[in-house]
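Colleague: My structure is below; once you've seen it, I'll send some questions.
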Protein chains: 2
Amino acid sequence: MRVEELDTPAAIVELDKLEVNISRFQRYLDEHGIANRPHIKTHKIPEIAHMQLRAGAVGITCQKIGEAEVMAQAGIRDIFLPYNIIGERKLERLMGLAHRVNLSVTADSEFTLRGLAAAAHREGLELETLVEFDSGLGRCGVQTPQEAANLARLIARSPGLRFGGLMTYPSNQNTDPFVIATRALLAGDGLAIGRVSGGSTPGMWQAHTHPEINEHRAGMYVYGDRYTVKNGAMKLEECSLKVITTVVSRPTAERGILDGGSKTFSSDLLGLEGYGLILEYPDAVIYGQSEEHGHVDFSQCARKPDIGERVTVVPNHCCVVSNLFNQVAGVRDGKVEVIWPVAARGALQ
Amino acid sequence: MRVEELDTPAAIVELDKLEVNISRFQRYLDEHGIANRPHIKTHKIPEIAHMQLRAGAVGITCQKIGEAEVMAQAGIRDIFLPYNIIGERKLERLMGLAHRVNLSVTADSEFTLRGLAAAAHREGLELETLVEFDSGLGRCGVQTPQEAANLARLIARSPGLRFGGLMTYPSNQNTDPFVIATRALLAGDGLAIGRVSGGSTPGMWQAHTHPEINEHRAGMYVYGDRYTVKNGAMKLEECSLKVITTVVSRPTAERGILDGGSKTFSSDLLGLEGYGLILEYPDAVIYGQSEEHGHVDFSQCARKPDIGERVTVVPNHCCVVSNLFNQVAGVRDGKVEVIWPVAARGALQ
């Protein structure tokens, strides 16, 4: 099937670009001796995860147990779950995973650690556990090296757990000082910090400038999007994910309506103007969306599209697009080579 | 199962409230002699559509063929698809539907009409077709009564199509003048405007103030959300859809992190402050989100939650939540009475 025959809205991945994105970043991390542990939340597709592993990734990162279960089912054997896993149902599923794959997790509180320890001890497991610290994003993570050291000590004395190191997101100028300070605090305990896991795609080419980080988690680098281009990590022509839509209405001379809106692209702006870039009409602005319609201002375009014309959109945020599509078409030279179900889509738990 | 046993994030629907919402609005429309044709995009669940039909709805509204196919499969026999259906693949599926159910559609251009007419004529069908006009939202729809009349005439002379009337969204002060002007233009052609289909939940209780509208399409009224409450159409205590989340981190004295973010709630703000209302902490603000985390400022709350505590969130926009969850739990008196798959979720085409 030709790409022109796909019905719209359709998510496509240009395979040549995808392959280059995977190999180029792997080579960079290899050169700097940093382990690559890509985050699959961007694509949610086991086949792409396997491509990343074949290129040299040491394992993958998932954000939810449900995502990890899909990846384990697809034969992936090393999974990092940097999320506070809380509650008996989730801990039960986590232990199921830990029996099947080489699993590591994180925690940022005594509460989370006590749950993990009780579950793992009961199952006769020794779960590798890292302490999450906040490098400035203001999400999860302990705030001080003292807190990190306290949790590391709690892990070390908890049957069922093994202290694995530190984890943060993103890697930035705060990470090295935090790691160094925590290491100093733990020196007296004889507790070594094995893994220091950092991350982000925007900072992907600066990973080597944080010498304490020995593992990098990036997600978006496989696809790229307007946000990745804006922050300079990738070029527009390197973006592999596109969404093909159809112009379904031209109510006025300047305005056009696409058959993709917030249900296709999400409402994520990430500081950008408009909800995506139309490659055929780069001067057009997707200034509004309803769930099933994109509202486009074509006034700055010399030529305007006809009703029924198909246009190609680079979305603002590739990860959320993956969660909205049930499948993605892998294309090469305009031909659909493969249809990948987005197998880990919608894994909320 | 008790609702406390559901893992989080969980979408629940309080069945008592759902039932009242359905019957109350049906009664209002019945009293005013307006046909009720609810939009299923809000819930995407055939069982709830059947509840709406049993209450007295004349049929349902879907926005995509995929949604309509799911509803037809579930035994629903009258479906309105007010969307410009374009392209051979979609037209083929549309004809498949038209053979199975009482189907009506809309168009706002000659291009769309010619496609519909050719497909329907080929199949020996006579497809009821309404003309969409723009009542000010600036989405699809013709701009003038003259354009509407021209398309109505084209429908009337197209074998395969039957002129059904006019459709707009939302119903407002512009609708009656537009309908009246179009009717005057068509009087000489002997073309009657049968259905005049308007809509919106924010304007649900004003439906009777637009005398030209004889059919109303509302979606959100079954669930309600912060947006519906803000615009005064529903009260907070009438909202039936909630999302239960767990506080997975308390990194600072004032800040808490929920296990639901933009993948659970979407990024829709709709002019509101924050990404949802936490019922147990109404003074808290969900000021930020990452995909799997909600970032909450609890500084204005006298008591702050502990890690592991579950909190109940009324989302900003109920429709997008439906598209993110694979299932919804129907609860009554704290007991899970039913688990409904969100069967029409993700129907992008």
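The values are calculated or read from the model by the stated rules, or taken from the named source; none is laboratory data. Not measured: the values here are computed from a predicted model. Heads up, the Cβs are rebuilt from the backbone with ideal geometry, glycines too, and the neighbour counts pull from every protein chain shown. When the accessible area is computed, the model is the full protein with side chains, heavy atoms only, and any ligands, DNA or RNA have been set aside. Shrake-Rupley method; radii C 1.70, N 1.55, O 1.52, S 1.80 Å.
Colleague: What would the Debye equation give as log₁₀ I(q)/I(0) for segment B:1-84 at q = 0.14 Å⁻¹, counting only Cα atoms as equal point scatterers?
Modeller: -0.55
Colleague: With just the Cα atoms defining each centre, how far is segment A:115-135 from segment B:253-310? Give it in Å.
Modeller: 26 Å
Colleague: Then there is this: Per DSSP H run of n ≥ 4, the term is -39500 (n - 2.57); total these for the protein assembly as shown, divide by its residue number, and report the mean residue ellipticity at 222 nm rounded to 500 deg cm²/dmol.
Modeller: -8500 deg cm²/dmol
Colleague: From largest to smallest, what semi-axes in whole angstrom does the protein assembly as shown give when each is the square root of 5 times an eigenvalue of its alpha carbon gyration tensor?
Modeller: Semi-axis lengths for the protein assembly as shown are 48, 29, 21 Å.
Colleague: If you don't mind, there's one more thing I want to ask. Given charges of +1 on the Cβ of Lys and Arg and -1 on the Cβ of Asp and Glu, with all other atoms neutral, how large is the dipole of segment A:15-222 about its Cα centre, in debye to the nearest 20?
Modeller: That gives segment A:15-222 a dipole magnitude of about 320 debye.
Colleague: Rounded to the nearest 0.05, what FRET efficiency do B:ALA302 and A:GLU31 give with R0 = 45 Å and r taken as the Cβ-Cβ distance? Could you check?
Modeller: About 0.25, to the nearest 0.05.
Colleague: Any idea what diffusion coefficient chain B gets from Stokes-Einstein, in µm²/s, Kirkwood Rh on alpha carbon pairs, 20 °C, 1.002 mPa s?
Modeller: The diffusion coefficient I find is 100 µm²/s.
Colleague: Moving on. Enter the mean number of other protein chain beta carbons within 10 Å of the beta carbon of each residue in A:246-255, as an integer.
Modeller: 6
Colleague: Relative to the first principal axis of the alpha-carbon coordinates of chain A, what is the inclination of helix A:145-156, with its axis defined by its Cα atoms, in degrees from 0 to 90 and to the nearest 10?
Modeller: Result, in degrees: 70.
Colleague: Determine the share of chain A's accessible area contributed by carbon and sulfur atoms, expressed in whole percent, with a 1.4 angstrom probe.
Modeller: That share works out to 52 percent.
Colleague: If you roll a 1.4 Å probe over the heavy atoms of the protein chains, what accessible area per residue do you get for chain A, in Å²?
Modeller: Here the per-residue accessible area is 35 Å².
Colleague: With +1 assigned to the C-beta of every Lys and Arg and -1 to the C-beta of every Asp and Glu, and no other charges, what is the dipole magnitude of segment A:198-349 about the Cα centre in debye, to the nearest 20?
Modeller: 160 debye
Colleague: Then there's this: Compute, for the protein assembly as shown, the length of the dipole vector about the Cα centre, with Cβ point charges of +1 (Lys, Arg) and -1 (Asp, Glu) only. Units Debye, rounded to 20.
Modeller: Dipole magnitude for the protein assembly as shown comes out near 640 debye.
Colleague: Moving on to the next point. Which distances in nm, rounded to one decimal and ordered from shortest, link the label point of B:ARG122 to the equivalent label points in the other identical copies, with labels set 7 Å from Cα toward Cβ?
Modeller: So the distances to the same position in the other copies read 6.1 nm.
Colleague: Ok, one more. Chain A: which residue's Cβ hugs the A-to-B rotation axis most tightly, distance rounded to whole Å?
Modeller: Value returned for chain A: A:SER267, 2.
Colleague: While we're on this one: Once label points are set 7 Å from the Cα along Cα→Cβ at both B:LEU270 and A:GLU110, what is their separation, rounded to one decimal in nm?
Modeller: Taking the simple label geometry, B:LEU270 and A:GLU110 are separated by 4.2 nm.
Colleague: What does the copy distance list look like for B:GLN173, label position 7 Å along Cα→Cβ, in nm and ordered from shortest?
Modeller: 5.4
Colleague: How high is the relative contact order of segment B:141-207? Use alpha-carbon pairs under 8 Å, at least six apart in sequence, and give a whole percent.
Modeller: 39 percent
Colleague: Helix A:46-55 sits at what angle to the longest principal axis of chain A, using alpha carbons and giving 0 to 90 degrees rounded to 10?
Modeller: Result, in degrees: 70.
Colleague: Shortest first and in nm to one decimal, what separations exist between B:ALA184 and its copies in the other chains, measuring from label points 7 Å along the Cα-to-beta-carbon line?
Modeller: 8.4
Colleague: Quick one: buried accessible area between A and B, total over both chains, 1.4 angstrom probe, nearest 100 Å²?
Modeller: Buried surface at the A/B interface: approximately 4800 Å².
Colleague: Same structure, new question: Over segment B:15-222, what relative contact order in percent results from Cα pairs under 8 Å that are six or more residues apart?
Modeller: Relative contact order comes out at 20 percent.
Colleague: Determine the distance separating the Cα centre of segment A:26-79 from the Cα centre of segment B:23-58; give it in Å without decimals.
Modeller: Using only Cα atoms, the two centres lie 46 Å from each other.
Colleague: Once the convex hull of the alpha carbons of segment B:15-222 is built, what does its volume come to per residue, in cubic angstrom?
Modeller: Enclosed volume per residue, from the Cα hull, is 103 Å³.
Colleague: Any chance you could check segment A:316-349 for residues losing 30 Å² or more of accessible area when the partner protein chains are in, compared with the chain on its own (1.4 Å probe)?
Modeller: A:ASN323, A:LEU324, A:ASN326, A:ARG345, A:LEU348, A:GLN349
Colleague: Also, I was wondering about something else. Identify which of A:ARG139, A:ARG332, A:ARG162 has the largest mean-square fluctuation in a Gaussian network model of chain A, with springs joining Cα atoms closer than 10 Å.
Modeller: A:ARG139
Colleague: What's the average, rounded to a whole number, of partner chain beta-carbon atoms within 10 Å of each residue's beta-carbon in B:257-269?
Modeller: Taking all residues of B:257-269 together, the mean is 5.
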